[in-house]
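S.K.: Mind looking over this structure? Questions follow.
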């Protein structure tokens with residue numbers, strides 16, 4: 001249902017006709033610590049890095065991210081590609097709901113697994129230091145399909161735009 005609402009907001013929302021805000025960057029680099037809890041109750045900690053590009057200014061963005069997590073005798077590396085719809089709340093603060101595919105490669109007890117899935121995330125960006133430097137937070141829900149596993153995570157860290 002959340003995915004349908006996100007797709008409807010992207011399709012039905014009209015692009016804003018106002019001038020771009022000073023903090024509107026064509027490319028944003030985000031990185032920082034990442035925390036995750038999966039449907040088995042296992043907690044993981046690690047790091048994430050992502051790059052966001054404007055596909056259509058003030059209308060649609062593409063995020064490419066990679067995340068490494070470890071915990072409870074297991075490690076995983078995941079990569080995702082998300083389409084995001086940006087919304088400017090105030091000058092210096094925006095949020096972007098997004099959805100897209102993910103690939104997760106895990107290692108536990110000498111066994112390597114590879115799963116494909118779906119990630120839904122909301123990116124919050126506060127450009128508090130300048131129009132080029134800020135802080136970002138991205139809560140996300142991920143689901144892999146074979147085997148099925150769900151996870152809820154959060155990444156917080158600096159953002160750099162240009």
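Any read-out appearing in this document is the output of simple, stated calculations on the displayed coordinates, not a laboratory observation. Predicted model, so just to flag it, every value in this text is computed and none were measured. Cβ sites come from the backbone with ideal geometry, for glycine too, and all protein chains shown count toward neighbours.
S.K.: How high is the relative contact order of the chain, given as a whole-number percent (alpha carbon pairs under 8 Å, six or more residues apart)?
M.R.: On the way: 418 pairs, mean separation 35.8, N = 162.
That works out to 22 percent.
S.K.: Need the full-extension length gain, residue 118 to residue 64, defined as separation in residues times 0.36 nm minus the C-alpha distance. One decimal, nm. The partial results should precede the final answer.
M.R.: Values: separation 54, 0.36 × 54 = 19.44 nm, distance 1.36 nm.
Between residue 118 and residue 64, full extension yields 18.1 nm more.
S.K.: Sticking with this one: In degrees from 0 to 90, rounded to the nearest 10, what is the angle of the helix 2-12 Cα long axis to the longest principal axis of the chain?
M.R.: Once rounded, one gets 30 degrees.
S.K.: To continue, here is another question. Largest first, please: the extent of the C-alpha atoms of the range 100-162 along each principal axis, to the nearest Å.
M.R.: 45, 22, 19
S.K.: Moving on. Tell me the mean residue ellipticity at 222 nm calculated for the chain from its helices only (DSSP H runs of n ≥ 4, each -39500 (n - 2.57), averaged over every residue, nearest 500).
M.R.: After summing the helix terms and dividing by residue count, I get -2000 deg cm²/dmol.
S.K.: Between residue 43 and residue 90, what FRET efficiency comes out of the Förster formula 1/(1 + (r/R0)^6) with R0 = 41 Å and r the beta carbon distance, rounded to 0.05?
M.R.: Values: r = 34 Å, r/R0 = 0.83.
Using R0 = 41 Å, I get an efficiency of 0.75.
S.K.: Hull surface divided by four, with the convex hull built on the Cα atoms of the chain: how many nm²? Don't skip to the answer; put the middle values down first.
M.R.: Numbers: hull surface 37.0 nm².
Its average projected convex-hull area is 9.3 nm².
S.K.: Report the residues of the range 25-48 in range of a label on residue 109: point 7 Å along Cα→C-beta, backbone N strictly under 19 Å from it.
M.R.: Label zone hits: 38-44.
S.K.: Compute the distance in nm between two label points, each set 7 Å from the Cα along the Cα-to-Cβ direction, one at residue 128 and one at residue 56.
M.R.: 3.3
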